[in-house]
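Undergrad: One structure, pasted below without further comment.
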Amino acid sequence: MPKTETNNRIPAPLYAAAGAGDIAIENLRKLPAMVAELQGEIPGRITKIQDKITQKVAELPSLAAELRQRVVDTETDKLRESARRNAQVVLGRAQSAQKKTVKLYAELVARGEQVVSRTMPARPEKVRAEVLAASNGHHTAEETEVLEGELNGKPTAAAAKRPTRTRKS
């Protein structure tokens, strides 16, 4: 009978899920104290919100008149230029958010590796998880971050970004 090798590597999404679950449990333990604290603050907050709503409703007619005047005074070229600038700002923020999301995902994977290492009965000595940064749904070797670490309950820093074998989709 031919020998077949099995892949014992746990996929990074499972580690991320374990890390997210660990954070959720941690925050759920704090929930009863937060609820008790907020119960005393709710009546005061409701009063403040009602006052703000009343004030804003009273300001609506003057705001509407001001906006009508702005529309009449503004030229369409200025509006187009403003829209282009705003689109660039939104694009920059979206790219920044994507980078933060990839970093958070890598942190969840690292935390999940710790959770799994504490709870797995037969622990492998070394775990390797690949975190792929998706750009329009395509993965490239340059966008792959490899996390390596010993399973001793302590995280190790992410390995330097390096090309790994490219997966075929």
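Undergrad: Just to check your reading of the model, which residue among E41, E113 is closer than 30 Å to P11 by Cβ and of a type in the set (D, E)?
TA: Values: E41 fails: closer than 30 Å to P11 by Cβ.
When all the criteria are applied, what remains is E113.
Undergrad: Against the condition modelled with pLDDT of 80 or more, of a type in the set (D, E, K, R) and under 28 Å from G21 (Cα atoms), how does K78 come out, does it pass? If you could, list the steps in order and put the result at the bottom.
TA: Numbers: modelled with pLDDT of 80 or more: yes; of a type in the set (D, E, K, R): yes; under 28 Å from G21 (Cα atoms): no.
No, not satisfied.
Undergrad: Anything in segment 20-47 that is surrounded by 10 or more Cβ atoms within 10 Å (Cβ to Cβ) and basic (K, R)? List them, or say none.
TA: Residue satisfying the conditions is R45 alone.
Undergrad: Follow-up question, since we're still on this one. Out of curiosity, is A58 assigned to a helix (DSSP H, G or I) and modelled with pLDDT under 90? Spell out how you get there, then give the answer.
TA: Details: assigned to a helix (DSSP H, G or I): yes; modelled with pLDDT under 90: no.
No.
Undergrad: Working only within segment 1-50, note down all residues that are of a type in the set (S, T, Y) and modelled with pLDDT under 85. Walk me through it before giving the result.
TA: As a first pass, look at segment 1-50 and keep what is of a type in the set (S, T, Y): 4, 6, 15, 47.
Listed by number, the residues that qualify are T4, T6.
Undergrad: Right, another one. With the checklist (1) farther than 26 Å from M120 by Cα; (2) at pLDDT below 85; (3) surrounded by 10 or more Cβ atoms within 10 Å (Cβ to Cβ) in hand, flag the one item I53 doesn't pass.
TA: Only one criterion in (1) farther than 26 Å from M120 by Cα; (2) at pLDDT below 85; (3) surrounded by 10 or more Cβ atoms within 10 Å (Cβ to Cβ) is unmet by I53, namely (2).
Undergrad: Kindly evaluate V109 against the criterion of being modelled with pLDDT of 55 or more and over 30 Å from G21 (Cβ atoms). Even if it seems obvious, please write down each step before you answer.
TA: Values: modelled with pLDDT of 55 or more: yes; over 30 Å from G21 (Cβ atoms): no.
Criteria not met by V109.
Undergrad: Among the listed residues R80, R45, R29, R68, which satisfies the condition of being charged (D, E, K, R), assigned to a helix (DSSP H, G or I) and under 30 Å from M120 (Cβ atoms)?
TA: On the way: R80 fails: under 30 Å from M120 (Cβ atoms); R45 fails: under 30 Å from M120 (Cβ atoms); R68 fails: under 30 Å from M120 (Cβ atoms).
None of the others qualify; the one that does is R29.
The values are calculated or read from the model by the stated rules, or taken from the named source; none is laboratory data. Since the model is a prediction, treat every value here as computed from it, not as a measurement. Cβ sites come from the backbone with ideal geometry, for glycine too, and all protein chains shown count toward neighbours.
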